1. What relative contact order, as a whole-number percentage, does region 99-230 give when Cα pairs under 8 Å and 6 or more residues apart are counted?
2. Beyond a 26 Å Cα-Cα separation, which of these cross-linked pairs lie in this structure: Lys31/Lys226; Lys118/Lys194; Lys2/Lys31; Lys118/Lys181; Lys23/Lys157; Lys157/Lys221?
3. Can you sort Trp36, Trp204 by how many other beta carbons sit within 10 Å, fewest first?
4. Helix-derived [θ] at 222 nm for the chain: sum -39500 (n - 2.57) over DSSP H runs of at least 4, divide by residue count, nearest 500?
5. Ranked highest first by the average count of other Cβ atoms within 10 Å around their residues, in what order do 135-141, 209-215, 79-85, 2-8 fall?
6. With a point put 7 Å past each Cα toward its Cβ, work out how far Thr175 is from Gln59 in nm, to one decimal.
7. Can you compute 3J(HN,Hα) from phi for each residue in region 210-221, using the Karplus curve 6.51 cos²θ - 1.76 cosθ + 1.60 with θ = phi - 60°, rounded to whole Hz and x for Gly and Pro?
8. Per-residue counts of other Cβ atoms within 10 Å, averaged by peptide: what ranking do you get for 22-29, 173-180, highest first?
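Where a number appears in this text, it was derived from the coordinates with a stated rule and is not lab data. From a predicted model like this one, the values you see are computed outputs, not experimental measurements. Here the Cβ is made from the backbone with ideal geometry for all residues, glycine too, and neighbour counts use every protein chain on show.
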Amino acid sequence: MKAMILAAGRGERMRPLTDHRPKPLLAVGGKPLISWHLERLAHAGFREIVINHAHLGEQIEAVLGNGERWGVSINYSAEGKALETAGGIAYALPLLGNAPFLVVNGDVYIEYDFSRLKSALSDSMLAYLVMVDNPLQHPNGDFALDDGKLTLGGERKLTFSGMGVYRPELFTEITRGASAKLAPLLRQAIMDGKVSAEHFHGQWQDVGTPQRLQELDVNLKAQLLKARHV
């Protein structure tokens, strides 16, 4: 299975930090945020990774290179102008192929075993999403989880973590090069009963503001320091 890391966002809420550096390259725990994904993907056995970029994308290519240091092969999908999540995935489909693929947002931190997703998507589903508890900045959640499937209703909604497995067919209606959001595609697939999911209870953080970046940095450095003394 191939994996894609979404790294094309401008990071407006992270300014001025993102004026001169793309958000996935901001450091937490002593390394770029995107490096945590690459390490976990490599550990889980993923070898072919696609990274899209737009804002300051040349920096991402310069820092990450071909992926050799992580034991992976990185292909870049340069968008020029960011195409939103679904548009970016659709634009990268020639690199992703015809089989299901994993996608993870480049601006989240998640301590998840990516290998679990290799067999998560059943033949009858278009998508498999990893859901998390609602964070303070998103208290109402996105979708409800009912017996392994997502629904639009329900009293208790969970938040989409920004990580999932998709079939290419989910994006066939998007014109390559057009900007398109992911949420409308997911809502339609959910209404069709084509999206399964899990509730992940481990550590997850949407690094959307400088404050949350700093908090994550402090927490990770504390974890690393504690691990050295165990």
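1. Over region 99-230, the number comes to 35 percent.
2. Lys23/Lys157; Lys157/Lys221
3. Fewest to most other Cβ atoms nearby, the residues stand as Trp36, Trp204.
4. Dividing the helical sum by the residues of the chain leaves -7500 deg cm²/dmol.
5. Working: 135-141: 11.1, 209-215: 15.0, 79-85: 17.9, 2-8: 25.4.
Result, highest mean Cβ count within 10 Å first: 2-8, 79-85, 209-215, 135-141.
6. Taking the simple label geometry, Thr175 and Gln59 are separated by 3.3 nm.
7. Calculated HN-Hα couplings, in order: x, 5, 5, 4, 5, 4, 5, 4, 4, 5, 5, 5 Hz.
8. So the peptides 22-29, 173-180, ranked by packing, come out 22-29, 173-180.
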